[in-house]
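Quick one: structure below, then a few questions.
Every read-out reported here was derived from the displayed coordinates using simple, explicitly stated rules and does not represent laboratory data. What you see is a predicted model; the values in this text were computed from it and never measured. Note: ideal-geometry Cβ built from the backbone for every residue, glycine included; neighbour counts use all protein chains shown.
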Amino acid sequence: MPKLTIEKILETAIEIEEQSQALYTTAQGKAKNPSSKKFLKGLAQEELKHEEKLHAMMKNKAKLAELGKHERKVQDLKIVDYMEDTSLSADADYATILIYAAKREKSTFEYYNSLAKGLESTDAGAVFSKLAQEELAHKNKLETEYDEYFLKEN
Ligand SMILES: [Fe+2]
Ligand SMILES: [Fe+2]
């Protein structure tokens, strides 16, 4: 297993947030309903805010040094394998995207939750705990959108 530094953790989380934004931006083009487009735009904006929070943490060198002391604990949790599946075919329809996105939010929730545990009692731990809850809320919203989508279509 590669060495898991706090910088690496934050870089990975930033990548996750960038991919989430790309996913919800692409999905806007596949959604026919204006309310669905608006919903997805809102999700993309929230993922952008997540990314900005993580960038702020990355820039705070003093905080990074402090977090470095908790690396061992994070490493012991073996959290690197959470975000494996990142492929979605380009011709995926809206329903497929919603299912994929909901699963992805669940993985992100679990990943951030692990980080929150590993970094417990640090500011970063609190940030990841909050991010985890927001990703879980995204999963729930996507599932609701999925249900409503079929009601609208059928
Ligand atoms: Fe996010
Ligand atoms: Fe999310």
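For Glu143 and Met58, FRET efficiency with R0 = 30 Å and r from the beta-carbon atoms, rounded to 0.05?
E(calc), rounded to 0.05, equals 0.40.
Here's another thing I want to ask about it. Provide Rg and Dmax in Å for the stretch 1-42, with only Cα atoms included in the calculation.
15.0, 45
In vacuum, with every alpha carbon of the chain counted as one equal point scatterer, what does the Debye formula give for log10 I(q)/I(0) at q = 0.13, 0.17, 0.19 Å⁻¹? Two decimals, please.
-0.60, -0.93, -1.10
Set the Förster radius R0 to 25 Å, insert the Cβ-Cβ distance between Ser121 and Leu48 as r into 1/(1 + (r/R0)^6), and round the FRET efficiency to 0.05.
E between Ser121 and Leu48, to the nearest 0.05, is 0.35.
Order of Asp123, Asp91 from fewest to most other C-beta atoms within 10 Å?
In order of increasing Cβ crowding within 10 Å: Asp91, Asp123.
Enumerate by residue number the GluC sites (Glu not before Pro) in the stretch 111-154 meeting two conditions: DSSP loop (anything except H, G, I, E, B), and at most 15 other Cβ atoms within 10 Å of the site's Cβ.
Counting only loop positions with at most 15 other Cβ atoms within 10 Å, the GluC sites (Glu not before Pro) in the stretch 111-154 are Glu120.
Now, a different point. How much length, in nm to one decimal, is gained on full extension between Lys8 and Lys130, taken as 0.36 nm per residue of separation minus their Cα-Cα distance?
In short, 41.9 nm is gained.
Still on this structure, I have one more. Mind putting a number on the dipole of the chain about its Cα centre? Charges go on the C-beta only, +1 for Lys and Arg and -1 for Asp and Glu, and I need it in Debye to the nearest 20.
It comes to approximately 360 debye.
With +1 assigned to the C-beta of every Lys and Arg and -1 to the C-beta of every Asp and Glu, and no other charges, what is the dipole magnitude of the stretch 1-60 about the Cα centre in debye, to the nearest 20?
340
As a check on your grasp of the helix formula, calculate [θ] at 222 nm for the chain: sum -39500 (n - 2.57) over DSSP H runs of n ≥ 4, divide by the residue count, round to the nearest 500.
-27000 deg cm²/dmol
Here is a further query. Within 10 Å, Cβ to Cβ, of Glu18, how many net charges do the neighbouring residues add up to if Lys/Arg are +1 and Asp/Glu are -1?
-4
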